[in-house]
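Peer 1: Below is a structure I'd like to ask you about.
The values are calculated or read from the model by the stated rules, or taken from the named source; none is laboratory data. Being a predicted model, the structure only gives us computed values, none of them experimental. No Cβ is skipped: glycine too gets one built from the backbone with ideal geometry, and neighbour counts run over all protein chains shown. For the accessible areas, the whole protein counts, side chains as well, though only heavy atoms, and no ligand, DNA or RNA atoms are used. Shrake-Rupley method; radii C 1.70, N 1.55, O 1.52, S 1.80 Å.
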Amino acid sequence: MAAFGPDFQKYTSPFLYEPNNPAGLWVALALALLLIIANGILQAVAGTSVFSIFFDGGIGDPKSIIKAFIIGIFPASVLTAILAWQLAKIRGGRPWEILALRWPDLGWLGWLCVVGGFLVVMYGAIFVFVTVFQIDLADYTPGPDGQSPTSGSAGLVKEAMFDLANEPLLFWLALPAVAIGAPLAEEFVFRGQLFAALAQSRAGFSGATLMTSALWSLLHISEPWLAIGIIFMMGLALGALLIRFGSLWVTIICHGIWNGLYSLAIFGSLSP
């Protein structure tokens, strides 16, 4: 494999994304809403099953319920991705093209540059954001057992991941859900068919990136405003990567590595 593949080297024609969605904008919006609802139902079913197997707490134990639902993200997300593939066939659509699932030829060093560049941009943006607004990250960091900081909630998912880090078996069950399941489903929903339909409309590439980022961040409304802002910035970065390289696999992998590294950092910080 070449160090830098042809898709990475196309400097003169940088936009490799070709939106193709015969379903149209309104149908794509309806399908995205359907996928979000279906994913919620599937996650509830999977989470309830996980809760009954691994947790002894009663139904009134909210922390255990949230942890079970996080673990249940993986099977729910795989089924959501399969459903997204099937729905992309509406009106004669070709899922492989609509969802931009071609594998990009970046080369091994190209992949390192793309993923590394994404991480650098994200951490740099967070640093600027925190510095400009003088944010104390301690106000958004849970305690070692997942308890909320004194300033308020650090976010349901974040607090649950801190709590899961104290239970290695459950943590390693949750890691694939966070690092593989969530990126797979979320990228299929927001930067899949919906992005293609928006990019074909008057919104264009810029509008599609802004709108899908906003919708994606609002999906995390249970999290504090800082997390929502970071998710919005990540949506902008992932949208730019999709447009540049024309492959949803780039956004899925970058999204997954971000989630995975953050989860492992939590686990490493709390492990004895």
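Peer 1: Between a first residue in the stretch 34-54 that is over 17 Å from Ser64 (Cβ atoms) and a second residue that is part of a helix (DSSP H, G or I) and open to solvent by 80 Å² or more (accessible area, probe 1.4 Å), which pairs have beta carbons less than 6 Å apart while being 6 or more apart in sequence or on different chains?
Peer 2: Correct list of pairs: Leu42/Leu79.
Peer 1: Looking at the structure I just gave you, is Ser222 of a type in the set (S, T, N, Q), at pLDDT below 95 and open to solvent by 30 Å² or more (accessible area, probe 1.4 Å)?
Peer 2: yes
Peer 1: Select, from Phe232, Phe267, the only residue that is open to solvent by 10 Å² or more (accessible area, probe 1.4 Å), farther than 21 Å from Gly93 by Cβ and under 14 Å from the mean Cα position of the chain (by Cα).
Peer 2: Unique residue meeting the criteria: Phe232.
Peer 1: If I ask for residues that are open to solvent by less than 10 Å² (accessible area, probe 1.4 Å) and either of a type in the set (D, E, K, R) or farther than 20 Å from Trp249 by Cβ (or both), which ones from the stretch 165-196 would you list?
Peer 2: Within the stretch 165-196, Ala165, Phe171, Ala174, Glu187, Arg191 qualify.
Peer 1: Considering only the stretch 106-215, give the helices (runs of 4 or more DSSP H) lying wholly within it that have at least 3 residues that are under 30 Å from Glu18 (Cα atoms) and either in contact (Cβ under 8 Å) with a residue 24 or more places away in the chain or of a type in the set (Val, Ile, Thr) (or both).
Peer 2: Details: elements: 108-132, 156-164, 168-176, 182-188, 194-200.
Those helices (runs of 4 or more DSSP H) span 108-132, 182-188, 194-200.
Peer 1: Still on this structure, I have one more. State yes or no: is Trp249 modelled with pLDDT of 95 or more, over 19 Å from Leu31 (Cα atoms), open to solvent by 10 Å² or more (accessible area, probe 1.4 Å) and not β-branched (Val, Ile, Thr)? Break it down into steps so the answer makes sense when it comes.
Peer 2: Values: modelled with pLDDT of 95 or more: yes; over 19 Å from Leu31 (Cα atoms): yes; open to solvent by 10 Å² or more (accessible area, probe 1.4 Å): yes; not β-branched (Val, Ile, Thr): yes.
Against the criterion (modelled with pLDDT of 95 or more, over 19 Å from Leu31 (Cα atoms), open to solvent by 10 Å² or more (accessible area, probe 1.4 Å) and not β-branched (Val, Ile, Thr)), Trp249 qualifies.
Peer 1: If you don't mind, another one. Can you tell me which residues in the stretch 162-196 are farther than 21 Å from Leu238 by Cβ and not aromatic (Phe, Trp, Tyr)?
Peer 2: Within the stretch 162-196, Asp163, Leu164, Ala165, Asn166, Glu167, Pro168, Leu169, Leu170, Leu173, Ala174 meet the criteria.
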